[in-house]
Amino acid sequence: MILLPDGKQVKPEEYSGKDKEFQCLLDKEVFKKPAENIGVSPPHLKIMRELELAGVEELSDRGHLRFYPKGALILDLLIDYLLDKMLEENACPVKSSIMYRLSAEPIKQHAKLFGERMYKLKVQRKEYILRYAACFGQFSILKDALISYRCLPLKIFEIADSYRLEQSGEVSGLFRQRRFHMGDLHVLCRDLASAKKEFLRLYIKAHKIAQEFGWKYVAMFNLCKSFFDQNRNFIERLAKASNRPVLLNLGIPEGKYYWVINIDLNFIDNLKRPVESVGMQIDLGNAKRFNIKFVDENGRKHYPVIIHAALMGSLERWINNLLENAAKQQKLGKLPLLPLWLSPIQVRVLPIAERHIQNAIEIANKLEMCRIRVDVDDREISLQRKIRNARKEWIPLYIVVGDQEVATGILSVSIRRPKGYINKKMSLVEIAKLIRKECAGKPFRKSYVQKMLSMRPVFAK
Ligand SMILES: [Zn+2]
């Protein structure tokens, strides 16, 4: 069934197909159409290599990536960004273990649900599993905590490297891995009513985050019929917040899972594949399984309702979406770009001749002091080649430094925008202001690569 933002319901066969991205979700989930682009490699694979972000780690299992410095920086900045969003929520960050004893009862029960997709290890005759999300570790912390009703809703959070034995044929680039980083938030709520309230808020937040990165989701709600009937108003409010059609899967058997509603928010990539990018659930089973309790006003103990929310899903997949989104722009005839705050190098200084290098370094140093990531193309190649390289690497701004610039202090800047390069004469202060303004409110880290291009190795050959 399809739920429209105005609360009306439409059968999938009767859907007008106006929303092309939503139609991609219907084709996959309802009509089970085989993927159109089998064998075609998604554009992010090429971009990830060309921008020297990440590659496959051949010495590990399939689906285990290694990140080169520029990719590592983007991953760390996304971690910083998500952490900021979670601290805004008053969530408390924790760090849990990555492996758990399989003989422990709640782990054993949980493992049954997840089955074959777990990494198992044998160490000194004991069996362990690697976490596939941060749930176990956080639940274990919560079961040992003394929680009063006054603490609720209680939010804890962790960005956990997670391990899932995805089928080897399905593992691909940044789209699906066996090892990935996931930001997992768990919210303990007093009852279902308060959980619904928190859930709706977090759901809206997930959409707002996507907007900041330049895309919109198509949503799929999985739930059983009885939960839908009893919580219709809540489901309709969620659909309204999506502001586009939502696919309802009401075929979940009652009591089959620990959750009563499970929502996936999907980004649509260049191969028209829905890429699950946010997962949220309301969980009525795990508080009991893990023995997590809170104490009410009268000293009585209760099991809380738990919300699971990965508002940016796997961060590797988030980078997949960023690159696929840039490739979509390219298809529309625009220049592909990363958000300025995430660009590994924000400004490149291009000295025309050797005698301008010292001046270029001084400019770079001044920009660095304004919290800007900058490098200098000091290589013995022509200016034309330097410019071509800067464009190929999607450098958002480059500055050409020659005799005139050294004499006047007024710099020739080229700014990369979706519609093309804008050439301007600007002072250093104006350049710094422009960048700081565009990155306002976003996290910053220093550059992860050498400032002088002549000293930089090539990581992705
Ligand atoms: Zn969880």
When all protein chains stay in place, what accessible area (Å², nearest 10, 1.4 Å probe) is found for Ser447?
40
Can you give me the C-alpha center-to-center distance between the range 336-392 and the range 129-183, rounded to a whole angstrom?
39
Per-residue [θ]222 nm for the chain (sum of -39500 (n - 2.57) over DSSP H runs n ≥ 4, rounded to 500):
-10500 deg cm²/dmol
What figure in square angstrom, to the nearest 10, would you give for the accessible area of Met1 with a 1.4 Å probe?
80
For the range 340-455, what is the relative contact order in percent, using Cα pairs closer than 8 Å and at least 6 residues apart in sequence?
33
Magnitude of the charge dipole, the chain, Cβ model with Lys/Arg +1 and Asp/Glu -1, debye to 20:
80
Solvent accessible area, Å² - Met455, 1.4 Å probe, full protein context:
130
State the percentage of accessible surface on the chain attributable to carbon and sulfur atoms; use a 1.4 Å probe and exclude ligands, DNA and RNA.
51
Whole percent per 10 Å bin, from 0 to the bin with the longest distance: what is P(r) over all C-alpha pairs of the range 340-455?
14, 52, 31, 3
Of the GluC sites (Glu not before Pro) in the range 45-91, which ones lie in a loop per DSSP and count no more than 14 other C-beta atoms within 10 Å?
Glu57, Glu58
Evaluated over the range 125-180, the Cα radius of gyration and Dmax, each in Å
15.9, 48
Cleavage-rule hits (GluC sites (Glu not before Pro)) in the range 199-278: DSSP loop, at most 15 neighbouring Cβ within 10 angstrom
Glu254
Residue order for His302, His308 - accessible surface, 1.4 angstrom probe, largest first:
His302, His308
Per residue, how large is the accessible surface of the chain? Use a 1.4 angstrom probe and give square angstrom.
48
Are there DSSP H segments in the chain that both extend 27 Å or more along their axis (alpha-carbon positions) and score a mean Kyte-Doolittle hydropathy of at least -1.0? List them, or say none.
69-88, 192-213
Hydrodynamic radius of the range 168-281 per Kirkwood, over alpha carbon pairs, in Å
15.5
Once Arg101, Arg391, Arg125 are ranked on solvent-accessible area with the largest value leading and a 1.4 Å probe, the list reads Arg125, Arg101, Arg391
Evaluate 2.2 N^0.38 Å with N set to the residue count of the range 2-330, then give the Cα radius of gyration divided by it.
1.00
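The values are calculated or read from the model by the stated rules, or taken from the named source; none is laboratory data. Keep in mind that what you see is a predicted model, and the values were worked out from it rather than measured. Please note: Cβ atoms are built from the backbone with ideal geometry, for glycine as well, and neighbour counts cover all protein chains shown. For accessibility, only protein heavy atoms count, side chains too; no ligands or nucleic acids. Shrake-Rupley method; radii C 1.70, N 1.55, O 1.52, S 1.80 Å.
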